[in-house]
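Report on one structure; see the data block that follows.
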Amino acid sequence: MKPYAQLSPEERRGEYARLRTEFDALKARGLSLNMARGKPSKVQVDLINDMFQLMQDPQDYISDGIDVRNYGELAGLPAAKALFADILGCRPEQVFVGGNSSLQLMYDTVSKGYTHGLAHSPRPWCREETVRWLCPSPGYDRHFRITESFGFELITIPMTEDGPDMDAVEEAVKDPAVKGIWCVPKYSNPDGVIYSDETIRRFANLKPAAPDFTIMWDNAYCIHEFEGDYVEFPDILSLCEAAGNPDMVFEFASTSKVTLPGSGVACFACSKTNMEHMEKQLTVQVISFDKVNQQRHVLYLRDKAHSLEIMKRHASVMGPKFRCVADALDREIAPLDIASWKRPRGGYFVSVNAMAGTAKRTLALCREAGVTMTDAGATFPYGKDPRDSNIRVAPSLPPVEELEQAMEIFCVCLRMAALEQLGL
Ligand SMILES: Cc1ncc(COP(=O)(O)O)c(C=O)c1O
């Protein structure tokens, strides 16, 4: 098949009629397939079941002399701090281990900036006339919604293959109303990009006009390779410290996609000044987080090396699914020149850039044929993709057989929407 743009109007009409018949046949299968959210599959959560065989002995509830069943240790069990410090490459005293969700810790950090101010805030953000926030896009919709919910003005920063466009970031932070940025430095959601060393160096060396400018460094996929070897990443906390910006960054992570989403353990890591500031506020809010779950994770994951072993089990389930998606796109779409994508090696998503103006239509067709995907636009601030192009594919939940059917439908819909856009 030739690239669609090279087809004559008559060839386009012929191709569309053929696809329409195929679409109707696929629709008649009455499927209901979901590729909307980055959720692990049942096979993956079953893999973790032996975690619940632990802690059968009362002695297992004592960690470094601390009874994990009682109040105390607001910032988390020392052993849990050590585990996350090992994974993230920072120091245990820089880690605050919280509850089951890193997103909640991120929300809480922004919320504290809004109501009380962060360590270097001249005043709480609610007293600022305007607060602006940088949103590298395509990005994670739930990040954007947090800062949108506080009424901040969201500024789109283009994503490149090396991470956010740093020229745009350096320019934007000259504005004192710009108070922060969302980052997913490894296997970014949805592009699967790993920020380059140069990008990370430029982040650590930013000279923002706002004294309380905050990098929200969401390292959600720090050990989440499903293809190839584990990729090391630099410790952003020491880089910021070395650049004279120790308090500019909060790093986040969780075990949501290592053990169980919704029943894992989350943390943030930050400088001493930020830790003292946060602890002072958090102590008003909570006596202690779930240390029984923290201990269960310490006993199960043990350290970074053993966590990486567990991630290999996930990779054996995830790898074939991502190959299924990329293979289908390579086979069905690449020759037509109507979309672009990359083969990620980790994370939870494949980011497809469809022909401009066709993402919404593609997903409407998918829905009609029984395939649900993340809404078009969701990967941009305010849910509006200016090019109506980016589509986030989340292949982790369905089994491969279902995924193959879903991809068959997706590819037909991408083709139909492209032909409609080119004109029939
Ligand atoms: C980039 C990113 N951060 C955070 C989360 C949610 O993490 P948690 O379960 O720890 O709240 C997700 C989930 O998809 C994510 O993609």
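Looking at 406, 417, 394, can you tell me which residue is farther than 17 Å from residue 321 by Cα, of a type outside the set (S, T, N, Q) and at pLDDT 95 or above?
Details: 406 fails: farther than 17 Å from residue 321 by Cα; 394 fails: farther than 17 Å from residue 321 by Cα.
Being farther than 17 Å from residue 321 by Cα, of a type outside the set (S, T, N, Q) and at pLDDT 95 or above holds for just one of 406, 417, 394, which is 417.
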Which residues, taken from segment 99-152, are among the small types (Gly, Ala, Ser) and within 11 Å of the ligand (Cβ to nearest atom)? 99, 101, 102, 139
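Might you let me know whether segment 177-192 holds any residue that is in contact (Cβ under 8 Å) with a residue 24 or more places away in the chain, of a type outside the set (A, V, I, L, M), more than 16 Å from the ligand (Cβ to nearest atom) and assigned by TED's automatic domain parsing to the domain that holds residue 134?
At the first step, the residues of segment 177-192 found to be in contact (Cβ under 8 Å) with a residue 24 or more places away in the chain are 177-192.
Checking which are of a type outside the set (A, V, I, L, M) leaves us with 179-180, 182-183, 185-192.
In the following step, the residues that additionally are more than 16 Å from the ligand (Cβ to nearest atom) were identified as 179.
Now narrow it down to the ones that are assigned by TED's automatic domain parsing to the domain that holds residue 134: 179.
Yes, that holds for at least one residue.
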Would you confirm whether any residue within segment 77-84 is among the basic types (Lys, Arg) and either modelled with pLDDT under 95 or not assigned by TED's automatic domain parsing to the domain that holds residue 220 (or both)? no
Could you go through segment 6-19 and let me know if any residue there is touching a residue at least 12 places away in the same chain (Cβ under 8 Å) and closer than 23 Å to residue 263 by Cβ. no
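Step by step: first the residues of segment 325-370, then only those that are of a type in the set (Asp, Glu) and touching a residue at least 60 places away in the same chain (Cβ under 8 Å), then the one that is farthest from residue 415 (Cα to Cα). Which residue is that? Walk me through how you get there before you give the answer.
Keep residues of segment 325-370 that are of a type in the set (Asp, Glu), which gives 327, 330, 332, 337, 368.
If we keep only those that are touching a residue at least 60 places away in the same chain (Cβ under 8 Å) as well, we get 332, 337, 368.
On the way: 332: 9, 337: 10, 368: 15 Å.
Result: 368.
Between 316, 263, which is outside any strand (DSSP E or B), outside the structural domain of residue 84 (by TED's automatic domain parsing) and farther than 22 Å from residue 190 by Cβ?
Working: 263 fails: outside the structural domain of residue 84 (by TED's automatic domain parsing).
Of 316, 263, the one residue that is outside any strand (DSSP E or B), outside the structural domain of residue 84 (by TED's automatic domain parsing) and farther than 22 Å from residue 190 by Cβ is 316.
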Test result for residue 254, within 19 Å of residue 102 (Cβ to Cβ) and of a type in the set (Gly, Ala, Ser): yes
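If you go through segment 185-212, how many residues are among the acidic types (Asp, Glu) and over 30 Å from residue 394 (Cα atoms)? Spell out the reasoning first.
If we filter segment 185-212 for residues that are among the acidic types (Asp, Glu), which is where we start, we get 191, 197-198, 212.
Now restrict to residues that are over 30 Å from residue 394 (Cα atoms): 212.
Summing the residues that are among the acidic types (Asp, Glu) and over 30 Å from residue 394 (Cα atoms) in segment 185-212 gives 1.
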Could you check residue 59 against (1) under 29 Å from residue 157 (Cα atoms); (2) not assigned by TED's automatic domain parsing to the domain that holds residue 224 and say which number it fails? (1)
Scanning segment 253-274 for residues that are surrounded by 21 or more Cβ atoms within 10 Å (Cβ to Cβ) and away from the ligand (no atom under 16 Å from the Cβ) gives 270, 274
Return only the number of the condition from (1) under 21 Å from the mean Cα position of the chain (by Cα); (2) assigned to a helix (DSSP H, G or I); (3) of a type in the set (A, V, I, L, M, F, W, C) that residue 181 does not satisfy. (2)
Condition set among the hydrophobic types (A, V, I, L, M, F, W, C) and not in a helix (DSSP H, G or I), scope segment 184-211, selection surrounded by the fewest Cβ atoms within 10 Å (Cβ to Cβ): answer is 209
Quick check on residue 9: is it within 16 Å of the ligand (Cβ to nearest atom), modelled with pLDDT of 95 or more, outside the structural domain of residue 146 (by TED's automatic domain parsing) and under 30 Å from residue 371 (Cα atoms)? no
Tell me yes or no: at least one residue of segment 223-240 is surrounded by 22 or more Cβ atoms within 10 Å (Cβ to Cβ), in contact with an Asp or Glu (Cβ under 7 Å, 6 or more places away or on another chain) and not in a loop (DSSP other than H, G, I, E, B). yes
Residue 149 fails exactly one of (1) surrounded by fewer than 21 Cβ atoms within 10 Å (Cβ to Cβ); (2) farther than 23 Å from residue 101 by Cα; (3) of a type outside the set (A, V, I, L, M), namely (2)
Are there any pairs with C-beta distances below 8 angstrom linking a residue in segment 140-158 that is modelled with pLDDT of 95 or more to a residue that is away from the ligand (no atom under 16 Å from the Cβ) and β-branched (Val, Ile, Thr), with the two at least 6 apart or on different chains, and if so which? 150/131; 151/131; 152/131; 153/130; 153/131; 155/178; 157/169
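The values are calculated or read from the model by the stated rules, or taken from the named source; none is laboratory data. All of these numbers come straight from a predicted model, not from anything done at the bench. In this analysis, Cβ positions are derived from the backbone assuming ideal geometry, glycine residues included, and neighbour counts consider all displayed protein chains.
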